[in-house]
Amino acid sequence: MEVLRYWIFHFGGQTKQHGFIGLYEASADGIVINKVNVIDKKSGKLIQVINPQMNGCEFGSYMTSIFQNIESDGSQIRLNCYSTGPDVSVNYKLNTQTSRYDVVTER
């Protein structure tokens, strides 16, 4: 029987409306983040789950301080991805029609 261990971290990249909670999970490959929960700050409800490993992002170990793996400029959030070459990040913006974060750029 395989035992899974989880660690939950609150990321620094917040918006006025939403908080982002990452779930680190122990796996055969080490520790990975397979989901980032988007929480509405007023209601405390989960409104979306983002898979940070999608869109070419090796997410979770870019910044020394894990809390900085998500950054925000107030209107977008940026997931900083691991890269041995040029910087890689995936930007998400809140779609006001769907109330969900959509990918707007990858670099």
- Just need a number here: residues in segment 1-19 that are at pLDDT below 65, assigned to a strand (DSSP E or B) and not hydroxyl-bearing (Ser, Thr, Tyr). 4
- Query: Which of the residues belonging to segment 48-89 are of a type in the set (A, V, I, L, M), modelled with pLDDT of 75 or more and either closer than 21 Å to residue 16 by Cβ or part of a loop (DSSP other than H, G, I, E, B) (or both)?
  - Reply: 49, 50, 54, 70, 77, 79
- Query: So which pairs qualify, if the first residue must be in segment 47-59 and closer than 18 Å to residue 98 by Cβ and open to solvent by less than 70 Å² (accessible area, probe 1.4 Å), the second must be among the acidic types (Asp, Glu) and at pLDDT 80 or above, the Cβ gap must be under 6 Å, and the two must be at least 6 apart or on different chains?
  - Reply: 47/40
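Select from segment 20-40 the residues that are among the aliphatic types (A, V, I, L, M) and either modelled with pLDDT of 75 or more or in contact with a Pro (Cβ under 8 Å, 6 or more places away or on another chain) (or both) and list them in ascending order. Show your work before the answer.
Initially, segment 20-40 is screened for residues among the aliphatic types (A, V, I, L, M), giving 21, 23, 26, 28, 31-33, 36, 38-39.
Within segment 20-40, 21, 23, 33, 36, 38, 39 meet the criteria.
The values are calculated or read from the model by the stated rules, or taken from the named source; none is laboratory data. Because the structure is a prediction, the values reported are computed rather than measured. Heads up, the Cβs are rebuilt from the backbone with ideal geometry, glycines too, and the neighbour counts pull from every protein chain shown. Side chains included, ligands, DNA and RNA excluded: accessible areas come from the protein's heavy atoms. Shrake-Rupley method; radii C 1.70, N 1.55, O 1.52, S 1.80 Å.
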